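Report on the structure given below.
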Amino acid sequence: MTIVFFIIGLSVILSYNWGSPTPEFRTDAPNIILFGIVVAAIIYIAARYSGQGRFRSRHCTACGRGIPFDALLCPYCGFRFPLP
Ligand SMILES: [Zn+2]
């Protein structure tokens, strides 16, 4: 999730007109910020549904409760998962 905020923040920084003598945003600032939000959303959705992302959760095969994706031991029933 950190990368999403990083990209949105980067797009805001990029949309700022640093060369201007007076503080102002570029005229195309909304487009750049929108592009950054779209890219961040795509990355977030891709990570969410890739199946390999750390956002994914799974269920214990023994008790069926939701557990962390990288858990080796079920925190509820103690079932030990075989290593892949
Ligand atoms: Zn369990």
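Bear in mind that the values in this text are calculations on the coordinates, not laboratory data. Computed from a prediction, not measured in an experiment: that's the story for all the values here. FYI the Cβ positions are ideal-geometry reconstructions off the backbone, even for glycines, and counts take in every protein chain you see.
Computed over the alpha-carbon pairs of the stretch 2-49, the distance histogram in 5 Å steps reads 5, 25, 24, 18, 13, 8, 5, 2, 1, 0 percent, short to long.
Work out the charge dipole of the chain with +1 on the Cβ of Lys and Arg and -1 on the Cβ of Asp and Glu about the Cα centre, then indicate which of 15, 64, 34 is farthest towards its positive end. The residue sitting farthest along the positive end of the dipole is 64.
Fraction of C-alpha pairs exceeding 18 angstrom in the chain: 60 percent, rounded to a whole number. FRET efficiency for the residue 72 to residue 26 pair, using the beta carbon distance and R₀ = 41 Å, is estimated at 0.25. Computed from the Cβ-Cβ distance with R0 of 25 Å, the FRET efficiency linking residue 16 to residue 42 stands at 0.60. As a proxy for reagent exposure, 3, 8 were ordered by neighbouring Cβ count within 10 angstrom, fewest first; the result is 3, 8. Compute the relative contact order of the chain as a whole-number percentage, counting only Cα pairs closer than 8 Å that sit 6 or more residues apart in sequence. It comes to 19 percent, rounded to a whole number.
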